[in-house]
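Below: one structure, written as structure tokens.
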RNA sequence: GGAGGGUUGGCAGAGCGGUUGAAUGCACCGGUCUUGAAAACCGGCAAGGGUUUAUCCCCUUCCAGGGUUCGAAUCCCUGAUCCUCCGCCA
């Protein structure tokens with residue numbers, strides 16, 4: 001949610017900034033609504049003031065033993081007019097709220113202009129893609145021999161799911177655990193266990209609702225419950241409706257959860273392999289900071305995600321998203337793209353965003369400043385990392401000629417020191 | 001699932017339908033005192049919104065939504081949630 005005061009004070013300038021990210025803000029409609037709101041609100045409050053003062057007077061007169069019948073009769077007619085005005089104000093307010101709830105965050109000043117992902121700007125690269133002296137396989141081919149099975153998942157559920165068996169399942173678990181261990185012990189994050197089902201308020205707070213409901217899996221039942229599309233939702237909502245004191249910040253949370261996405265509109269995209277699934281695990285980083293700290297926090301958080309890739313010896317590049325490619329709540333975003341030899345390209349494996357006060361305003365998440373005045377916090381989130389895609393990258397980058405996959409040093413403690421995962425007995429030649 | 005009891009400011013916790021936006025304590029901020037700190041004492045201190053250059057002023061808010069009333073933290077209804085006891089249970 002944008003700051004209504006800012007939008008009111010200069011709707012043209014706000015519209016211009018939103019246009020940079022391809023969003024059309026209807027200034028005329030907003031201005032008309034806003035003018036009517038002002039008028040109706042002033043009228044309504046005036047009537048309320050009158051009612052209040054007269055009712056108080058009645059109280060005083062009764063206490064003094066005077067006759068109040070005349071005054072009470074006089075006040076009677078006010079109620080109906082007031083109800084009408086309140087109803088109209090409520091309607092206008094709902095319309096304004098609906099309008100505002102669909103408006104994305106303003107891009108930060110240093111975000112490059114661009115209409116789509118083609119406008120993203122490479123910031124830096126780490127590592128060098130390996131040159132192979134044998135015919136490489138992609139993760140689907142490698143995985144088939146190691147225990148990755150899409151047919152089984154189709155039987156259990158449908159497309160865009162997977163089962164992992166044996167060392168591959170263990171690798172998946174090891175990756176998540178390694179990431180949690182790294183962030184909680186080295187980067188100052190508090191590990192959290194959170195619900196995988198959240199209510200509609202939480203999804204509104206982080207911006208998934210009302211605009212992106214079709215991307216979510218909604219549960220049947222009386223309550224408005226949804227499977228989480230990312231742990232960003234439960235983690236960020238931890239501070240919803242909280243008024244924190246200055247020494248409560250910064251807060252850094254890390255959690256490993258599955259993420260559930262309907263992938264509506266993604267038909268035909270990334271249908272091969274584990275790249276785009278309805279269910280995938282992710283280790284998520286969330287920071288709650290004071291406004292003045294958020295720019296630096298984004299750089300730090302991005303670095304924390306990068307540290308995972310470095311420890312796993314996976315080449316990547318850091319992309320700054322352009323105005324047209326950023327998510328709804330983000331003011332500034334870095335994507336980490338890992339090298340995938342099987343696709344001969346870099347693919348997104350983490351997205352790190354500074355949402356400034358956009359989510360905080362929806363969440364009513366505040367902190368007292370030095371003067372003791374409540375100020376909105378800033379929220380940041382980033383994947384550190386997407387576990388499924390990390391597994392994909394690991395298989396493809398560290399594959400060996402015989403179909404086994406070398407384990408980076410960082411993961412070996414989770415495998416009793418083993419140096420590679422190998423095709424199980426009896427599976428050789430099946431790939 | 002059954003029965004009962006709660007939900008009030010950052011926190012704890014009072015609150016007969018009428019100057020109660022709400023006592024008191026803690027926390028916090030400022031001051032006195034002190035070499036400094038602590039203690040003590042004095043003072044300040046809810047949030048959101050409207051209007052305004054600003055002060056002032058006004059409105060809303062005591063879990064949420066309805067209702068009764070000239071007037072609701074207070075009475076009624078519905079829902080959420082927490083606690084206690086019983087039942088069931090990984």
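The values are calculated or read from the model by the stated rules, or taken from the named source; none is laboratory data. Given the structure is predicted, the values throughout are model-derived calculations rather than measurements. Here the Cβ positions follow ideal geometry from the backbone for every residue, glycine too, while neighbour counts run over all protein chains shown.
Restricting A:317, A:366, A:361, A:272 to those that are more than 30 Å from residue A:413 (Cβ to Cβ), surrounded by fewer than 22 Cβ atoms within 10 Å (Cβ to Cβ), in contact (Cβ under 8 Å) with a residue 40 or more places away in the chain and more than 16 Å from RNA strand B (Cβ to nearest atom) reduces the list to A:272.
Residue A:78 meets each of the listed conditions (1) near RNA strand B (Cβ under 10 Å from one of its atoms); (2) within 34 Å of the chain's Cα centre (by Cα) apart from (2).
For residue A:115, are the conditions met, namely being more than 8 Å from RNA strand B (Cβ to nearest atom), at pLDDT 90 or above, out of contact with any helix residue (DSSP H, G or I) (no Cβ under 9 Å at 6 or more places or on another chain) and not in a helix (DSSP H, G or I)? For residue A:115, the condition - more than 8 Å from RNA strand B (Cβ to nearest atom), at pLDDT 90 or above, out of contact with any helix residue (DSSP H, G or I) (no Cβ under 9 Å at 6 or more places or on another chain) and not in a helix (DSSP H, G or I) - is not met. Taking first residues from the stretch A:60-83 that are farther than 14 Å from residue A:50 by Cα and partners that are at pLDDT below 80 and exposed (fewer than 10 other Cβ atoms within 10 Å of the Cβ), the Cβ contacts under 8 Å between residues at least 6 apart in sequence or on separate chains come to A:61/A:67. May I ask you to list the residues in the stretch A:353-377 that are modelled with pLDDT of 95 or more and assigned to a strand (DSSP E or B)? Result: A:353, A:354. When each of A:215, A:241, A:248 is tested for being within 14 Å of RNA strand B (Cβ to nearest atom), surrounded by fewer than 19 Cβ atoms within 10 Å (Cβ to Cβ), modelled with pLDDT under 95 and under 23 Å from residue A:102 (Cβ atoms), the lone residue that passes is A:241.
When A:96, A:142, A:89 are screened for being in contact with a helix residue (DSSP H, G or I) (Cβ under 6 Å, 6 or more places away or on another chain), free of Cβ contacts under 8 Å to residues at least 60 places away in the same chain and either in a helix (DSSP H, G or I) or surrounded by 11 or more Cβ atoms within 10 Å (Cβ to Cβ) (or both), only A:89 passes. Mind checking whether some residue in the stretch A:338-352 is modelled with pLDDT of 95 or more and at positive phi? Looking for residues that are modelled with pLDDT of 95 or more and at positive phi, one finds at least one in the stretch A:338-352, hence yes.
Checked against (1) part of a helix (DSSP H, G or I); (2) more than 8 Å from RNA strand B (Cβ to nearest atom); (3) out of contact with any helix residue (DSSP H, G or I) (no Cβ under 9 Å at 6 or more places or on another chain), residue A:65 passes all but condition (1). Applying the set (1) modelled with pLDDT of 90 or more; (2) surrounded by 12 or more Cβ atoms within 10 Å (Cβ to Cβ); (3) more than 13 Å from RNA strand B (Cβ to nearest atom); (4) assigned to a helix (DSSP H, G or I) to residue A:104 leaves exactly one unmet item: (4). Scanning the stretch A:9-45 for residues that are more than 30 Å from residue A:78 (Cβ to Cβ), surrounded by fewer than 17 Cβ atoms within 10 Å (Cβ to Cβ) and within 16 Å of RNA strand B (Cβ to nearest atom) yields A:9, A:10, A:31. Inspect the stretch A:29-45 for any residue being out of contact with any helix residue (DSSP H, G or I) (no Cβ under 6 Å at 6 or more places or on another chain), under 25 Å from residue A:204 (Cβ atoms), part of a loop (DSSP other than H, G, I, E, B) and touching a residue at least 12 places away in the same chain (Cβ under 8 Å) and give the result as yes or no. Checked against the condition, which is being out of contact with any helix residue (DSSP H, G or I) (no Cβ under 6 Å at 6 or more places or on another chain), under 25 Å from residue A:204 (Cβ atoms), part of a loop (DSSP other than H, G, I, E, B) and touching a residue at least 12 places away in the same chain (Cβ under 8 Å), the stretch A:29-45 yields no hits at all.
In summary, residue A:158 fulfils each of the numbered conditions (1) more than 30 Å from residue A:300 (Cα to Cα); (2) assigned to a helix (DSSP H, G or I) with the single exception of condition (2).
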